Amino acid sequence: MKLNEHLKDTDEGIAEIILLVADRAREIKKAFLTHNFNSGTKNMFGEEQLELDKWADKLLIDSLRNSDLVRAVASEEQSEIVEIVKSKGEFGVVLDPLDGVSSVATNLSVGTIAGIFNEGNVLEKGNKMDAALYVLYGPLTTLVYSAKDGVHEFVLDHDNEFILRKENVTLPEGNIYSPGGLPINYVNEHRQFISQLESEGYKLRYSGSFAADFQQILTYGGVFSYPALKEKPNGKLRLLFEANPMSFIIEQAGGKASNGTQRILDIAPTAIDHRVPLYIGGNKPIDLVESFFRGEGI
Ligand code: AHG
Ligand code: MN
Ligand code: MN
């Protein structure tokens, strides 16, 4: 079944935005050959931008601007919310145009992440989100979406069509752990959590590309973390563009996402560059880490 057929019972505007991102993803996939070099600029987080980063950002924003569906876009590569004043539409979109860019040089998988709000306010709690998706550019190009009706995975086929690969994906119980941050900078609660996972036989898999590491958790089960660190008390990952869309998807798949003390989707963003410590995966490891943060241990 093709993606557009699968979306036939989804809200029309949401379906159109998902299809629009899918169309642009086809182009981004090809651009890895042509746009893979440093642009010489940095984003609002002070990170080097690949030319591909900026190009993908412009491609997606221009496309959303022209769709007449979207009122506002917040992108990891833009320091301000992009307001589309002339748009007839009311949707808000949050975007990480290219996630895991450092993996482009090493030819590991990278992604595109997006979240969609029915009402154009993008500086909003994740629990107001109406749909989320990510594209993973790996050996296969896959698209995973949820519009509050389960999680569904599609794969780009020989005819450049996204075809259903797995319907109603649910998170299995598993024992992969994917820990971001340097151990020397761990806070105590996080150190205890990681030790406990290791003593339970969890297996380490970390690529440095969140979308890829997330996909691994969704496939095999376990937990991804990018914790609060001594030098970075808010962690690294961005609430709007990374944590919220993926937390929306993990909950739809039967899992959980937390900053250690609070559900990610209930956190009110204070600015578009709001960062959060992130624990995302199975119920068991998320409950465990929260118990360490409550000072209860196991
Ligand atoms: P982005 O490429 O969008 O800037 O995101 C990078 C993020 C995320 O993909 C990944 O989980 C994390 O940064 C990796 O950070 P470390 O290099 O510190 O492991
Ligand atoms: Mn990212
Ligand atoms: Mn990015």
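The values are calculated or read from the model by the stated rules, or taken from the named source; none is laboratory data. Since the structure is predicted, the reported quantities are computational estimates derived from the model, not experimental observations. When we count neighbours, we look across all protein chains shown, and the Cβ atoms used for this are built from the backbone with ideal geometry, even at glycine.
In contact (Cβ under 8 Å) with a residue 24 or more places away in the chain, closer than 22 Å to LYS284 by Cα, part of a strand (DSSP E or B) and in contact with a Leu (Cβ under 9 Å, 6 or more places away or on another chain): which single residue out of TYR145, TYR177, TYR134 fits that description? From the options TYR145, TYR177, TYR134, the qualifying one is TYR177.
Residue under question is GLY120, and the condition is that it be in a loop (DSSP other than H, G, I, E, B), within 16 Å of ligand 2 (Cβ to nearest atom) and free of Cβ contacts under 8 Å to residues at least 60 places away in the same chain; does it hold? Considered against the rule, which asks whether it is in a loop (DSSP other than H, G, I, E, B), within 16 Å of ligand 2 (Cβ to nearest atom) and free of Cβ contacts under 8 Å to residues at least 60 places away in the same chain, GLY120 comes out as no.
State yes or no: is ALA131 modelled with pLDDT of 95 or more and within 16 Å of ligand 2 (Cβ to nearest atom)? In short, no. In segment 103-115, of all residues being more than 10 Å from ligand 2 (Cβ to nearest atom) and more than 8 Å from the chain's Cα centre (by Cα), the one that is nearest to VAL155 (Cα to Cα) corresponds to SER109.
Taking only segment 217-240 into account, find how many residues are within 15 Å of ligand 3 (Cβ to nearest atom) and in contact with a helix residue (DSSP H, G or I) (Cβ under 8 Å, 6 or more places away or on another chain). So the count comes out to 3. Looking across segment 71-112, the residues that are within 11 Å of ligand 1 (Cβ to nearest atom) and either over 12 Å from LEU60 (Cβ atoms) or not assigned by TED's automatic domain parsing to the domain that holds GLY126 (or both) come down to ASP99, GLY100, VAL101, SER102, SER103, VAL104, LEU108, SER109, VAL110, GLY111. Scanning segment 221-268 for residues being within 16 Å of ligand 2 (Cβ to nearest atom) and either of a type in the set (Lys, Arg) or free of Cβ contacts under 8 Å to residues at least 12 places away in the same chain (or both) gives a total of 3.
One residue is enough: does segment 124-135 have a residue meeting the conditions of a type outside the set (D, E, K, R), closer than 28 Å to LEU288 by Cα and out of contact with any strand residue (DSSP E or B) (no Cβ under 6 Å at 6 or more places or on another chain)? Within segment 124-135 (the criterion being of a type outside the set (D, E, K, R), closer than 28 Å to LEU288 by Cα and out of contact with any strand residue (DSSP E or B) (no Cβ under 6 Å at 6 or more places or on another chain)), the answer is yes, since at least one residue qualifies.
Within segment 156-168, is there a residue that is aromatic (Phe, Trp, Tyr) and within 16 Å of ligand 3 (Cβ to nearest atom)? No, segment 156-168 has no match at all.
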